[in-house]
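Asker: This is the structure I want to talk about, given as structure tokens.
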């Protein structure tokens, strides 16, 4: 399975402001993201992204995708908090959707999610076991996954050592904020030599002043 992390951040490394606003990418960059979406089998995000942005997670801005099946939406949601009125569950009968939860999720809540047309995958007791999720996705025939998570899920996936490519858009803005989310969160490494090494593959400059960095891991 090929795993890509795609993210957009400000010059000072923030993927959202202190209030959670995450409108970092320009329309040009969004079209690039939707083109990537159209090339994968599944798009994975964490529940925090869903609660904050209420995204569709489709490839609607990619003209080619209109004649193809939309990629599967995969939501990492330990306690099944995803709102039943979210855009994702409201379209679950049209676009294949998987909600990965733990045994902490209440059975009645799982039933309501399944009634929207989404599949519920139970993986783990306290926190969603991402290793288990990716293993099951591979068994289901998924070959290429795009991770568009926040800092926590990016950290979790990187720690698994299964990421093949990291794509980062740097927007020409500075927003600051000690509590503003950065591209990778988690508990981190204590020493620089322990950090995950990457190889820069390509640099693309976009018209709006953005720079897109393509790394291989």
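Asker: Under 16 Å from a label point 7 Å along Cα→Cβ of residue 127: give me every residue in region 174-214 with its amide N that close.
Answerer: 184-190
Asker: Would you mind checking region 79-100 for residues with the amide N under 11 Å from a putative spin-label position 7 Å along Cα→C-beta of residue 51?
Answerer: 79-83
Asker: Output the 0 to 90 degree angle, nearest 10, between the alpha-carbon long axis of helix 130-139 and the longest principal axis computed from the alpha carbons of the chain.
Answerer: 70 degrees
Asker: Over region 67-153, what is the relative contact order in percent, taking alpha-carbon pairs closer than 8 angstrom and at least six residues apart?
Answerer: Numbers: 117 pairs, mean separation 22.7, N = 87.
Reported as a whole number, the value is 26 percent.
Asker: Show me the ranking of peptides 70-82, 134-146 by mean Cβ neighbours inside 10 Å, starting with the highest.
Answerer: On the way: 70-82: 21.9, 134-146: 16.1.
My ranking of the peptides, most packed first, is 70-82, 134-146.
Asker: Using only alpha-carbon positions, what ratio does the radius of gyration of region 2-216 give when scaled by 2.2 N^0.38 Å?
Answerer: Details: Rg = 16.9 Å, N = 215, 2.2 N^0.38 = 16.9 Å.
Compactness ratio reported: 1.00.
Asker: Normalised by the number of residues in region 20-70, what is the relative contact order in percent for Cα pairs under 8 Å and 6+ residues apart?
Answerer: Over region 20-70, the number comes to 44 percent.
Asker: Would you calculate a helix-derived [θ] at 222 nm for the chain, using -39,500 (n - 2.57) for each DSSP H run of n ≥ 4 and dividing by the full residue count, to the nearest 500?
Answerer: -6500 deg cm²/dmol
Asker: Also, I was wondering about something else. So what's the angle, to the nearest 10 degrees on a 0 to 90 scale, between helix 151-160 and the longest Cα principal axis of the chain?
Answerer: The helix 151-160 is inclined about 80 degrees to the chain.
Asker: Can you give the angle from 0 to 90° between the axis of helix 27-37 and the longest principal axis of the chain, with both taken from C-alpha atoms, to the nearest 10?
Answerer: The helix 27-37 is inclined about 50 degrees to the chain.
Asker: Among DSSP beta bridges lying fully in the chain, give the percent that are antiparallel, nearest 5. It would help to have the intermediate numbers written out before the result.
Answerer: Numbers: 13 of 40 bridges.
Restricted to the chain, the bridges split so that about 30 percent are antiparallel.
Asker: Below 8 Å, C-alpha to C-alpha, sequence gap of six or more: please give me the relative contact order for the chain in percent.
Answerer: So the answer I get is 30 percent.
FYI, it's all coordinate maths here, none of it is from the lab. Computed from a prediction, not measured in an experiment: that's the story for all the values here. Here the Cβ is made from the backbone with ideal geometry for all residues, glycine too, and neighbour counts use every protein chain on show.
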